[in-house]
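The values are calculated or read from the model by the stated rules, or taken from the named source; none is laboratory data. In this text, all values refer to a predicted model and were calculated from it rather than measured experimentally. When we count neighbours, we look across all protein chains shown, and the Cβ atoms used for this are built from the backbone with ideal geometry, even at glycine. Ligands, DNA and RNA are stripped out before the accessible areas are found, and what is left, the full protein with its side chains, is counted by its heavy atoms. Shrake-Rupley method; radii C 1.70, N 1.55, O 1.52, S 1.80 Å.
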Number of protein chains: 2
Amino acid sequence: MSKASERAYAEIRGLILTGDAPPGSPLTEEALADICGVSRTPVREALRRLEAELYVVRTGSQRLFVADWNSDDLAEMFTLRAMLEAHAAARAASRITAAALDDLRACNARIAAAIAATPADVATFLVENRRFHEIIISAAASPRLATMLAALVEQPVVRRTAARYGQAELSRSAHEHAELIQAMAARDSAWAQAVMTSHIRRAFHAFSAAAPEG
Amino acid sequence: MSKASERAYAEIRGLILTGDAPPGSPLTEEALADICGVSRTPVREALRRLEAELYVVRTGSQRLFVADWNSDDLAEMFTLRAMLEAHAAARAASRITAAALDDLRACNARIAAAIAATPADVATFLVENRRFHEIIISAAASPRLATMLAALVEQPVVRRTAARYGQAELSRSAHEHAELIQAMAARDSAWAQAVMTSHIRRAFHAFSAAAPEG
DNA sequence: CGACACCCTATTGTATACAAATTCCCGCGG
DNA sequence: CCGCGGGAATTTGTATACAATAGGGTGTCG
């Protein structure tokens with residue numbers, strides 16, 4: 001996608017993530033085109049992508065609405081993420097380069113710094129945490145896997161979750177990252193896979209505990 | 001997607017699967033529009049979808065080519081399918097309705113009949129085998145999972161594989177299906193998951209043995 | 001008062017025209 | 001002969017116009 005399409009995608013995604021377009025609200029191509037300052041064509045492409053990523057849902061008569069996830073959806077999403085990202089970690093462990101390992105270390109150092117700040121710098125934590133996981137997915141060198149994980153939208157959940165995380169959970173996360181780095185440096189796929197699985201499951205449990213309403 | 005888009009998607013996908021558009025060959029929107037008898041607009045949508053499903057790849061300058069999978073790609077694809085579809089089987093085991101179970105039984109009966117014929121009716125086997133797996137995926141009731149598995153293109157591989165399958169492999173497949181039905185009827189998620197995992201892994205091994213060149 | 005049919009409007013689907021970008025080829029000069 | 005512009009041609013990106021279709025509202029009839 002080139003400029004306008006990309007812009008429309010980011011814009012609409014932003015509307016959904018910030019809650020400006022709340023779950024269940026209808027989306028019309030023309031209105032979005034106006035908001036984004038482009039024509040319907042790039043908006044349509046953006047909407048197709050958002051639909052594939054399940055940010056928006058389509059009724060039988062082709063009308064689009066902002067997706068509304070219930071707790072079952074979220075649980076399923078975390079389960080899939082745990083499965084796929086653990087697989088990515090296993091692949092990454094046997095393929096990752098020294099440079100990428102250094103990137104991971106640097107990234108986790110920034111995460112640790114963000115946590116150590118008072119108050120904890122949650123925004124930086126989110127950005128760097130995401131980057132950490134992206135490095136691993138990239139190191140797994142599987143376009144299929146990367147595509148699937150991209151579709152497993154995580155931002156809205158992470159955002160809601162992290163705001164409720166305590167220092168303890170953030171620290172534990174950084175510690176698990178450190179163990180992941182160890183596992184990968186040791187080229188131990190099984191270890192990396194196991195750590196990643198529990199890492200994501202714990203994130204889910206923390207989320208469930210913090211936001212039991214779904 | 002409505003009529004024209006859908007038609008374009010099916011048409012282009014057909015070109016790729018039959019080999020009329022061989023791996024690595026360039027795809028231009030206008031040529032495809034001519035072939036499909038529609039304008040570029042629905043062709044573009046079809047191509048986006050095919051790109052997401054990795055049937056086609058896009059260069060840095062937005063030109064599209066038929067994807068060319070090597071043996072590593074295929075192995076990765078089977079691994080992911082085994083993982084995701086086993087998860088689908090586990091979910092299906094705890095959710096499937098009596099009616100869907102009957103559908104599975106009927107479907108497997110048709111598979112058995114196709115195998116019993118002399119010579120074995122491979123075309124019917126392929127269609128019904130696909131349907132069998134689709135019923136399970138549908139019973140898993142996870143749109144995310146369904147989307148991902150749809151993207152895990154299987155047709156070209158299955159096609160290439162089944163043509164080389166012997167009666168023994170086909171029979172074993174039907175037998176494994178029967179065991180899957182048992183596991184689901186017993187509402188045994190772990191059993192269903194295990195059977196599905198080995199079912200797909202065996203298919204992969206048979207494929208590798210039959211087509212070691214990739 | 002309720003149900004049904006019809007029309008009108010809102011929204012999406014498709015085609016086409018035009019703009020931007022990229023590639024390819026040809027001619028030129030070293 | 002090779003490398004290097006430069007421009008034409010091909011190809012994709014975007015906008016807009018028009019067609020088709022679904023939904024809602026209203027009026028009428030039972």
The set of residues whose placed amide H lies less than 5 Å from the amide H of B:L27, leaving out same-chain residues fewer than 5 positions away, is B:L64, B:F65, B:V66
Taking all protein chains as present, what is the carbon and sulfur share of the accessible area of the protein assembly as shown, in % to the nearest whole number, probe 1.4 Å?
54 percent
Label point 7 Å beyond Cα along the C-beta direction, distances from A:H175 to other copies (nm, shortest first)
5.0
Tilt of helix B:189-210 relative to the longest C-alpha principal axis of chain B, in degrees (0 to 90, nearest 10)?
60 degrees
Using a 1.4 Å probe and counting only protein heavy atoms, how much accessible surface gets buried when B and A come together, both sides summed, in Å² to the nearest 100?
2300 Å²
Convex hull (Cα only) mean projected area of the stretch A:71-210, reported in nm² to one decimal
7.3 nm²
If R0 is 60 Å, what FRET efficiency do you get for A:D102 and B:A117 from their C-beta distance, rounded to 0.05?
0.50
If labels are modelled 7 Å from Cα along the Cβ direction, A:A141 lies from its partners in the other copies at nm distances, smallest first, of 4.2
Taking a point 7 Å out from Cα toward Cβ as the label site, list the nm distances between B:L101 and the same residue in every other copy, smallest first.
5.2
Per-residue mean of other chain beta-carbon atoms within 10 angstrom of the beta-carbon, peptide B:141-147?
5
Inter-chain shielding metric for A:75-83, i.e. average beta-carbon neighbours from other chains within 10 angstrom, reads 3
Computed D for the stretch A:3-66, Stokes-Einstein, Kirkwood radius over alpha-carbon pairs, 10 °C, 1.306 mPa s, to the nearest µm² per second, is 140 µm²/s
Which three extents, in angstrom, do the Cα atoms of the protein assembly as shown have along their principal axes, listed largest first?
76, 48, 44
Provide the per residue accessible area, probe 1.4 Å, for chain A, rounded to a whole number of square angstrom.
46 Å²
Using the Karplus equation 6.51 cos²θ - 1.76 cosθ + 1.60 (θ = phi - 60°), what ³J(HN,Hα) coupling, rounded to whole Hz, does each residue of the stretch A:43-59 give in order, writing x for Gly and Pro?
4, 4, 5, 4, 5, 4, 5, 5, 5, 4, 8, 6, 6, 10, 10, 10, 7
